[in-house]
Amino acid sequence: MGRRFDGKVAVIAGGASGIGLAIARRLVAEGGRAVLGDVNRSALQGAVSEFGAQVRPATVDVRVEAQVAAMTEAALAQFGRLDLGFNCAGLGIFGELVELEEAQWDTVLDICLKGVWLCVKHEARAMAAHGGAIVNVASLNSQIPMYGGGAYSCAKAGVEMLSRNAALELAPRAIRVNTVSPGLTETPLTTGVRADPQLEAAYLQRIPMARAASPDEIAAAALFLASDDAAYVSGSNLIVDGGWQTTGYPDLRPFARGIKAARAAR
Ligand SMILES: NC(=O)c1ccc[n+]([C@@H]2O[C@H](COP(=O)([O-])OP(=O)(O)OC[C@H]3O[C@@H](n4cnc5c(N)ncnc54)[C@H](O)[C@@H]3O)[C@@H](O)[C@H]2O)c1
């Protein structure tokens, strides 16, 4: 592996698990240092413990501006600079638009869209002296609707536009902003899909490569966008989905009852 991130410092919001943690592993392997920000304290401690002094934790709920500001300030305090932002915190709540409760809509939009905006805002401020690169994690659902996933799809479509708007506004500050849109990826977020063989089959039938991504495959795309290899790329949305966008989303209507029952049992 090369050393594209020697001397670079990152904030990775949602870095305690899944795609964010995979980004941290690749970044450190290529010479970078990072503050991992996450709301899940125990997962955060576990994640940080696998690294040395190159990685520090910051407990943060990305919905709370003061906590997001403290996360970027932690990078400056611990490592003296901030060059890169990876905004990965997210979750989904299954529910048809006519059944979804207002609080559920707010939770998804606040974490998946407002949280990304707050991270972009404070990362860009911390990068002001020298520029940098920001990668926001959206989803294939930034492009394609999901039955029962209206709040999530709207939030992720918003992330793509947020990135484009930020690319426009931050280019004069030498900050590039891009989106990565994963398809089905093997993380704790999709445990429910992979635990139901019929549901998993419905997904895999739609994915031309007939498998989910590893978190590392998504991290590779995110780190490309953050690296100097992408020096002239800003405002783009890199879809990393095994070709899934060519076929569209599976029809989840037959699975709606089971998905809701599984959620209620958790
Ligand atoms: N796994 C997939 O198939 C998939 C597909 C498309 C997009 N995504 C997106 O990728 C991103 C990473 O998800 P993942 O699959 O790695 O899931 P994950 O559950 O493994 O990681 C998400 C992390 O975000 C953190 N988080 C949640 N709410 C937070 C908050 N309010 N403040 C701070 N941190 C918070 C969680 O604690 C967790 O550590 C998400 O934005 C998700 O929507 C995932």
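Values in this text are rule-based calculations from the coordinates and carry no lab data. None of the values given here were measured: they were computed from a predicted structure.
Expressed as a rounded percentage, what relative contact order does the chain have, with Cα pairs under 8 Å and six or more residues apart? Working shown, then result.
Working: 542 pairs, mean separation 49.6, N = 266.
Relative contact order of the chain: 19 percent.
Residue 260: which lysines have alpha carbons under 29 Å from its alpha carbon, excluding same-chain residues fewer than 8 sequence positions away?
Within the straight-line cut-off, residue 260 pairs with 114, 156.
List the relative contact order of the range 182-221 as a percent without decimals, with contacts defined as Cα pairs under 8 Å and 6+ residues apart.
With pairs under 8 Å counted, the relative contact order is 54 percent.
Students often forget the sequence filter, so: which aspartates and glutamates lie under 17 Å Cα-Cα from residue 8 once same-chain residues fewer than 8 apart are removed?
Partners within reach: 30, 73, 83, 123, 228, 229.
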